[in-house]
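Shown next, in structure tokens, is the structure this report addresses.
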Amino acid sequence: MKPTRSHGRQSVSASLKPRELMQDKPAYRDVWQARIVTLFPDLFPGVLGASLTGKALQDGLWQLHTHDLRRFGIGKHRNVDDTPAGGGAGMVMRADVVGPAIETAQQGSHGRWPILYMSPRGRRFDQAMAADLATCSGVTMLCGRFEGVDERVIEHYGITEVSLGDFVMTGGELAAQAMIDATVRLLPGVLGNAASTVEESHSNGLLEHPQYTRPATWEGHDIPSVLMSGNHKEIAKWRAAQSRELTRARRPDLLPPEEDAG
């Protein structure tokens, strides 16, 4: 059987300018799509336009569409926010601006197509969520700014709030790009070697084992001898043990209770 090529040996860069990857692309029904509602559409594709995700975007393995919130702004100055009801600091994105933007973004959506709002109070994003999003027809992401969005929008559209972690950012665009990257790499055909996703961190609930490559000796450090033995059974055992030990040391919360106790 012909060996599978490792994506780690590929050198890929998008041949088009980043914004050109997104221009004049019809929304194909059978292609996974990310639709972004944002005040800063020029921030996209950003890092998503480079390397494997950029190549996949260029090849039509997935699509990216942005929807500029400012186009839905109110009045002469296209206002998108107002002061919080009840008083308080900052500004809140208006429901009568965000709502129409979401309606536009959702046009033509089909199948399972969640709407996510990048929010520090949301559910923590993880590998399982990325894998689930990769099975959807697409996803719409609302990138917040200021003090957030009018709660009625979240309730009306059944939006799921999602967070990268326990910290606050100035906007949701970076978080959206990170989540899309984690999802797109799981789509069929994006990675050169689909098997690469099987053993990596979090895919099996544990952290990934250490990786090594040539030279065999570097700065007095050798590659573990078991990895040079050619004994694939022993290599698999070593990797599994290393994965468990790393997880126990760094993320014991990921271990089953009985294993954590051991």
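The values are calculated or read from the model by the stated rules, or taken from the named source; none is laboratory data. It should be emphasised that the depicted structure is a prediction, and the values quoted were computed from it without experimental measurement. In this analysis, Cβ positions are derived from the backbone assuming ideal geometry, glycine residues included, and neighbour counts consider all displayed protein chains. These area figures cover heavy atoms from the full protein model, side chains too; ligands, DNA and RNA do not enter into them. Shrake-Rupley method; radii C 1.70, N 1.55, O 1.52, S 1.80 Å.
A compact table of results
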{"read-out": "Enumeration of residues in the stretch 65-104 that are among the hydrophobic types (A, V, I, L, M, F, W, C) and over 19 Å from G171 (Cα atoms)", "value": "I74, A85"}
{"read-out": "Within the stretch 166-188, tally of residues that are at pLDDT 95 or above, acidic (D, E) and open to solvent by 50 Å² or more (accessible area, probe 1.4 Å)", "value": "1"}
{"read-out": "Every residue from the stretch 68-98 that is within 21 Å of I36 (Cβ to Cβ), open to solvent by 70 Å² or more (accessible area, probe 1.4 Å) and assigned to a loop (DSSP other than H, G, I, E, B)", "value": "R78"}
{"read-out": "Of all residues making up the stretch 151-165, the number that are open to solvent by 30 Å² or more (accessible area, probe 1.4 Å) and over 17 Å from the mean Cα position of the chain (by Cα)", "value": "6"}
{"read-out": "Where L43 falls short, out of the listed (1) open to solvent by 20 Å² or more (accessible area, probe 1.4 Å); (2) modelled with pLDDT under 95", "value": "(2)"}
{"read-out": "Qualifying positions in the stretch 51-67 - assigned to a helix (DSSP H, G or I) and open to solvent by less than 40 Å² (accessible area, probe 1.4 Å)", "value": "L52, T53, G54, A56, L57"}
{"read-out": "Single match in L48, L21 (criterion: open to solvent by less than 50 Å² (accessible area, probe 1.4 Å) and at pLDDT 95 or above)", "value": "L48"}
{"read-out": "Single condition L191 does not satisfy, out of (1) in a strand (DSSP E or B); (2) open to solvent by less than 60 Å² (accessible area, probe 1.4 Å); (3) not aromatic (F, W, Y)", "value": "(1)"}
{"read-out": "Scope the stretch 163-179; condition within 28 Å of G111 (Cβ to Cβ) and either in a helix (DSSP H, G or I) or in contact with a helix residue (DSSP H, G or I) (Cβ under 7 Å, 6 or more places away or on another chain) (or both); matching residues", "value": "L164, E173, L174, A175, A176, Q177, A178, M179"}
{"read-out": "Residues that are within 15 Å of W113 (Cα to Cα), without any contact (Cβ under 8 Å) to a residue 60 or more places away in the chain and in contact with a strand residue (DSSP E or B) (Cβ under 6 Å, 6 or more places away or on another chain), drawn from the stretch 22-62", "value": "V31"}
{"read-out": "Number of positions in the stretch 129-142 that are in contact (Cβ under 8 Å) with a residue 12 or more places away in the chain and surrounded by fewer than 17 Cβ atoms within 10 Å (Cβ to Cβ)", "value": "4"}
{"read-out": "Among (1) in a loop (DSSP other than H, G, I, E, B); (2) open to solvent by 60 Å² or more (accessible area, probe 1.4 Å); (3) modelled with pLDDT of 90 or more - the single one H202 does not satisfy", "value": "(3)"}
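Listed here are the residues, each with its yes/no results for (1) within 24 Å of the chain's Cα centre (by Cα); (2) open to solvent by less than 100 Å² (accessible area, probe 1.4 Å); (3) more than 29 Å from L186 (Cβ to Cβ).
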| position | (1), (2), (3) |
| --- | --- |
| Y212 | no, no, no |
| A216 | no, yes, yes |
| G220 | no, yes, yes |
| L227 | no, yes, no |
| G230 | no, yes, yes |
| K233 | no, no, no |
| A240 | no, yes, no |
| R248 | no, yes, no |
| L254 | yes, yes, no |
